[in-house]
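To keep things clear, I will list the structure first and then write my remarks on it.
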Amino acid sequence: MAVQNAHSIMRRKSIAQMDDEAEKSGLFKSLGLWQLTAIGVGGIIGIGIFTLAGLVASGQEGGEGAGPAVLISFLIAGLASAAAALSYAEFAGMIPRAGSAYTYGYVALGEIIGWFIGWDLLLEYIAIVAVVAIGISGYFTEFLGGIGVEVPVWMQGTGDTVEGGVVNLPAIVVCLFITFILSRGTKTFGRFELVAVALKILLILFIIGLGFFYVSAENYTPFMPNGFGAVFTGAAVVFFAVFGYDAMSTAAEEAEDGKKHMPKAILLSLAIAMGLYILATLVLTGMQNWEELDTSAAFAVAFQSVGLPVIATIISAFAVISILTVMLTFLLGVTRVWFSMSRDGLLPRWFSETDRHGTPQRVTWIAGIASAFLAGVFPIRLIADLTNIGILAAFVVVCLAVIVLRYKRPDQPRTFRLPLMPIIPAFGVLASLFLILQLEPGTWLRFGIWLLIGLVIYFAYSKRNSVMNPNSPRYQEVIHDE
């Protein structure tokens, strides 16, 4: 078995080796096209409509509001995301393996790049689960208030978001609840996701249809109250709401026919989500003045403002259920990336053990508890910004990697080939970098510290224990092909 540059940090795994490892993974293949699409839609639609749209439009919690032009923020984010989605679709049809951007970077650009993206995604996906849990907490509090139950202020959120708050207890509880669901295996998870996503789409269509009758054209003026700067900043924030398909791609090894279904599921999920986002933001900013929009339960409060408190209570109840799908998708994502990195020797083998459900229980519960901690003690905007910079960095790597592999391995079988190569992925790189530049300096600092910690771990443990290192005790456990 020949291994080029076996001791280099740029060593790469072959696609043949990836396929062989996938067959021995221990993960159960139980997800069809519509279950995969439901996971993608479940990861994309949720917190963006129910929470971030109000946050970005109103400009509360420390930023200038985009106003009704939050619609443009979503379109900009969606356009950047679409370029990356096409790149993900090509990779998913070529390498249907758990790990998503981590795996794609490892194959095309080398181990150190794959490590950094994998390490990045561990933090980002856990943070996403936390952000969504905070969003659910806001709607849960609104729902309980609507039925006459007052939630004590100390457990509604931290002092940064709620005066007198200490901890966000509902967010902690929901993190642990979705961790339990995922721990029951992908078959159970897939069924739950399919039903929950169907309910979510029906809820959003109901909101759009009913809200349309309460839209006032006056609320659209001024359309862009704080100029393009606020719109671009808003696009960087709501980018969080348009990339759930990348977490779905981490379930590739659990798809019944990953090479055929994964590309279709990625593109379908993004198209469905963007159509609903456009309609929902138009209705939200038309129902209530942008300066009065709520940052935690925007639609529920908007319907209260037009004299429909019962509808607001119903929305709050179903929003909690529908947003759960986002948490499930991204918790699935972090556990599968973690599983893949452990299987590759970059993290201890202990993390890649699966149980009788074909589920890596250890990483599932560790990730779930970590997300519960973040959700309980940190404000939503801080975590959302940290999430976005990491995912945008992953998108840069995937878009670059698909260009590299197209020209290095042009004859590799692909069930989907993105059009206009290399224009579309190059646009994805530039758009992602542009959105990264819109984020706060503090976000850059926190992200840099996390990557520095990852660099230390890589050279202290991962490089030495990688299955690609001939001196690693795990080297003989895998088949190396070129």
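The figure for ILE134 is an accessible area of roughly 20 square angstrom, using a 1.4 Å probe on the protein chains alone.
Let me know the shape class of the stretch 349-482, please: from the alpha-carbon gyration tensor, a ≥ b ≥ c as square roots of the eigenvalues, rounded when a/c is under 1.5, otherwise prolate if a/b is greater than b/c, or oblate.
Numbers: a/c = 1.72, a/b = 1.02, b/c = 1.69.
It comes out oblate by the Cα gyration axes.
Averaged over its residues, the stretch 88-141 has an accessible area of 8 Å² per residue, based on protein heavy atoms and a 1.4 Å probe. Helix 169-183 and the long axis of the chain differ in direction by around 40°, with both axes built from C-alpha atoms.
Against the chain, whose longest principal axis comes from its Cα atoms, helix 111-146 is set at around 20 degrees.
For the stretch 264-380, what is the accessible area per residue in Å² when the probe is 1.4 Å? Don't skip to the answer; put the middle values down first.
On the way: 3570 Å² over 117 residues.
So the stretch 264-380 comes to 30 Å² accessible per residue, rounded to a whole number.
Calculate the translational D of the chain in whole µm² s⁻¹ from Stokes-Einstein, where the hydrodynamic radius comes from the Kirkwood formula applied to all Cα pairs, the temperature is 20 °C and the viscosity 1.002 mPa s. Please report the intermediate quantities before stating the final value.
Working: Rh = 22.2 Å.
Estimated via Stokes-Einstein, D reaches 96 µm²/s.
Judged by the mean number of other Cβ atoms found within 10 Å, the most tightly packed of the peptides 404-411, 329-336, 254-261, 284-291 leads the ranking 329-336, 284-291, 254-261, 404-411. When you restrict to C-alpha pairs under 8 Å that are six or more residues apart and normalise by the size of the stretch 267-356, the relative contact order lands at 13 percent. Spin-label pair SER8-LYS260: with each label point 7 Å from Cα along the Cα-Cβ axis, the two points sit 3.8 nm from one another.
Please list the equivalent ellipsoid semi-axes of the stretch 252-344, computed as the square roots of five times the alpha-carbon gyration tensor eigenvalues, in descending order and whole angstrom. Walk me through the numbers before you get to the answer.
Numbers: eigenvalues 256, 52, 27 Å².
Semi-axes (√(5λ), whole Å): 36, 16, 12.
3J(HN,Hα) along the stretch 251-264: 8, 4, 6, 9, 8, 5, 9, x, 5, 8, 8, 4, x, 5 Hz, from the Karplus curve 6.51 cos²θ - 1.76 cosθ + 1.60 with θ = phi - 60°, whole Hz, x for Gly and Pro.
Residues PHE427, PHE143, PHE239, PHE351, sorted by accessible area with the largest first, give PHE427, PHE143, PHE351, PHE239 [1.4 Å probe; ligands and nucleic acids excluded]. Computed on the stretch 137-240, with alpha-carbon pairs under 8 angstrom and 6+ residues apart, the relative contact order is 11 percent.
Backbone amide hydrogens, once placed in the peptide plane, bring GLN438 within less than 5 Å of nothing, excluding anything fewer than 5 places away on its chain. As a calculated quantity, the FRET efficiency between TYR461 and ILE147 at R0 = 60 Å, using C-beta atoms, amounts to about 0.70.
Scaled against 2.2 N^0.38 Å for its residue count N, the alpha carbon radius of gyration of the stretch 168-261 is 1.54.
Among TRP154, TRP119, the order of accessible area from largest down is TRP154, TRP119, computed with a 1.4 Å probe on protein heavy atoms.
Can you give the FRET efficiency for LEU79 and MET224, using 1/(1 + (r/R0)^6), R0 = 22 Å, r = Cβ-Cβ distance, to the nearest 0.05? Each step should come with its number before you reach the end.
Values: r = 18 Å, r/R0 = 0.80.
Efficiency, rounded to the nearest 0.05: 0.80.
Here the relative contact order of the chain, from alpha carbon pairs under 8 Å that lie six or more residues apart, stands at 33 percent. Computed over protein heavy atoms with a 1.4 angstrom probe, the accessible surface ordering of TYR220, TYR214, largest first, is TYR214, TYR220. Rolling a 1.4 Å probe over the protein heavy atoms of the chain, with every protein chain left in place, gives an accessible area that is 67 percent carbon and sulfur. Tell me the volume per residue, in Å³, of the convex hull enclosing the alpha carbons of the stretch 50-138. Measuring per residue, one finds 131 Å³ for the Cα hull of the stretch 50-138. Annotation: ASP385 carries an accessible surface of approximately 10 Å², with a 1.4 Å probe and no ligand, DNA or RNA atoms counted. Between PHE180 and PHE373, the simple spin-label model (points 7 angstrom out along Cα→Cβ) gives 2.2 nm. With the simple model of a label 7 Å out from the Cα in the direction of the Cβ, ARG356 to ALA217 spans 6.6 nm. To the nearest ten degrees, helix 361-377 and the longest principal axis of the Cα atoms of the chain are 30 degrees apart.
Take the residue pairs LYS200/LYS259; LYS260/LYS408; LYS29/LYS187; LYS13/LYS264 and return only those whose Cα atoms are more than 18 Å apart. Kindly include the intermediate steps, with their values, before the conclusion.
On the way: LYS200/LYS259 28 Å; LYS260/LYS408 23 Å; LYS29/LYS187 9 Å; LYS13/LYS264 26 Å.
LYS200/LYS259; LYS260/LYS408; LYS13/LYS264, as the Cα separations exceed 18 Å there.
The values are calculated or read from the model by the stated rules, or taken from the named source; none is laboratory data. Predicted model, so just to flag it, every value in this text is computed and none were measured. All Cβ positions, even for glycine, are placed from backbone atoms using ideal geometry, and neighbour counts span all protein chains on display. For the accessible areas, the whole protein counts, side chains as well, though only heavy atoms, and no ligand, DNA or RNA atoms are used. Shrake-Rupley method; radii C 1.70, N 1.55, O 1.52, S 1.80 Å.
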